[in-house]
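All remarks here apply to the structure that follows.
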Amino acid sequence: MARLLIANCFTDELAGDSARLPQAHLQTAAASSHLLLWFARDGDLIVLPVEPEPELLAYVTDMTGTDASTLRLLVPPPGTTGTELLTGERLGNPQFREELRKTLDGRPVDTVLTLTPDAAVASLARFLGAEQAVPGYGFVSQGGGTLVNSKAVFRAVAAGAGVPLPEGAVCTNRQDAEDAIMELLDAGHPVMLKRDYACGGLGNEILTPVPGVEPVGAGRILQLRDRAAVREYLADRWLWLTNDGHHPAVVERYFPDSRAIFVEFVIDDHGAVFSQQGEMLSAPVANAQVIPSPQLEAGPLAVLVTAGARLCESLRSLGYRGFFCADAIVTKDGDVRFTEYNGRITGSTHIYTIIGGQIVGPDYAKDRVLVEYCGWPVPSFAAAAERLAESGLAYDRETRTGVVIVKAYSHADGTIRYCAVAEDLAAAARIRDRVESLFA
């Protein structure tokens, strides 16, 4: 039997026309795809868009105890849009498929693990006669991955399941968007506008009727006082908001001074199992996360888990199986409002399942906090790992504290992400200060 891991960070279904994506976005996607290496076990076959740096592969497998010499890494030939994404074209390449079949050497595939559920993966599994190895194969084969990662579909599913939402609307035309925005602005509320399928707040903008609103979770904020200004804004930004008219735009009330919390589950044939919760920190877009959130009160947590489970059940009844994350805000009054969901392995999953649950220990949340920091400028992955070891900041299995590099070097901006494992937030902040002085 064989396990097949497919590192498809942004799929055709979610990315749209990859030829129109900025090069920095594509480079980030390629770096993000390598986080699937954290899930590798001895003997796995791993399909990647690009070869990982040898130093990254050695680092990750040393941390997880996986024998890197037993892994088979396969990279399909480039597609018409390049090498950064595992597109359907690349996964369907006849040369690659025959190489994969030859590598399997008659072994049946009993597990297919992907970053993102994708119809192209279902097609590959069908070619291998491994449909049963894909969680929720029927759902995925018909493009279901788009449904469980859409901000627009989320609002319909959440409303139908009775899950608390910010006031707002899903808008397919500018007039509806204008009316939805004005209803909120006239009530004195700031408004968040969202591009479907964008990540990390990079597709969000905030409109506010008054000055002084901090744009947490959005890349831009504008003060608009009347309908004419809103109409002008939409005329300028509508194609951007709708991915050139391919998807609806989401309009929702923005709650200043709220906390961004996520809850993750695994959905299988029997139901949904709660995995972990955490908090996203933004300045103004996501730049850190804390797992678990140490200051999350019991009341909001209970709502998050209970309502999140209702979302899971709605998707389970449709046929989705796999990792699931629900994002929400906890307002300054303690109210919970869900804002979106993601049916895939997220940028948090490997941190709490592998780094937390396996490396730090299954009970890590009792006395440790995991804080991932983004954007540490370094010369290279190898230089960062070496400097951490020399400085004594690298993760220590005896003390169960220190730094784990959690993501490949990003050629888009020359940075890496790292996780500070510490006793509390204050200790994590001290680690961060030391880390970020290493190449200063």
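The values are calculated or read from the model by the stated rules, or taken from the named source; none is laboratory data. As the structure is a prediction and not an experimental result, all values here were calculated from the model. Every residue, glycine as well, gets a Cβ built from its backbone with ideal geometry; the counts of neighbours run over all protein chains shown.
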Any hit, the stretch 361-382, residues being among the aliphatic types (A, V, I, L, M), touching an Asp or Glu at 6+ places or on another chain (Cβ under 8 Å) and surrounded by fewer than 18 Cβ atoms within 10 Å (Cβ to Cβ): yes
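Let's see how each residue does on (1) among the hydrophobic types (A, V, I, L, M, F, W, C); (2) more than 18 Å from A218 (Cβ to Cβ); (3) in contact with a helix residue (DSSP H, G or I) (Cβ under 8 Å, 6 or more places away or on another chain):
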position: L128; (1), (2), (3): yes, yes, yes
position: V134; (1), (2), (3): yes, yes, yes
position: Q142; (1), (2), (3): no, yes, yes
position: T146; (1), (2), (3): no, yes, yes
position: S150; (1), (2), (3): no, yes, no
position: M182; (1), (2), (3): yes, yes, yes
Residue ID - surrounded by the most Cβ atoms within 10 Å (Cβ to Cβ), chosen from residues in the stretch 226-241 that are in contact (Cβ under 8 Å) with a residue 12 or more places away in the chain and among the hydrophobic types (A, V, I, L, M, F, W, C): L241
Residue count, the stretch 295-327 (criterion: in a helix (DSSP H, G or I) and modelled with pLDDT under 95): 0
Qualifying residue in the stretch 302-321 (condition: of a type in the set (D, E) and crowded, with 19+ Cβ neighbours inside 10 Å): no
Within the stretch 51-81, considering residues that are among the β-branched types (V, I, T) and touching a Leu at 6+ places or on another chain (Cβ under 7 Å), the one farthest from R41 (Cα to Cα): V75
Residues (charged (D, E, K, R) and part of a loop (DSSP other than H, G, I, E, B)) located in the stretch 256-269: D257, D269
Given (1) surrounded by 17 or more Cβ atoms within 10 Å (Cβ to Cβ); (2) in contact with a strand residue (DSSP E or B) (Cβ under 6 Å, 6 or more places away or on another chain); (3) free of Cβ contacts under 8 Å to residues at least 60 places away in the same chain, number of the condition R220 does not satisfy: (1)
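Residue-wise test of (1) outside any helix (DSSP H, G or I); (2) under 28 Å from P22 (Cα atoms).
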site	(1), (2)
R337	yes, no
E340	yes, yes
H350	no, yes
E372	yes, yes
E386	no, no
A428	no, no
S437	yes, no
Helices (runs of 4 or more DSSP H) within the stretch 79-130 that include 3 or more residues over 27 Å from L26 (Cα atoms) and either without any contact (Cβ under 8 Å) to a residue 40 or more places away in the chain or not aromatic (F, W, Y) (or both): 94-104, 119-128
Filtered residue count, the stretch 131-145, keeping only those that are free of Cβ contacts under 8 Å to residues at least 24 places away in the same chain, assigned to a loop (DSSP other than H, G, I, E, B) and farther than 17 Å from L5 by Cβ: 1
Any hit, the stretch 270-293, residues being surrounded by fewer than 20 Cβ atoms within 10 Å (Cβ to Cβ), hydroxyl-bearing (S, T, Y), outside any helix (DSSP H, G or I) and at pLDDT 95 or above: yes
Strands (runs of 3 or more DSSP E) enclosed by the stretch 168-223 - at least 3 residues per element that are touching an Asp or Glu at 6+ places or on another chain (Cβ under 8 Å): 191-195, 220-223
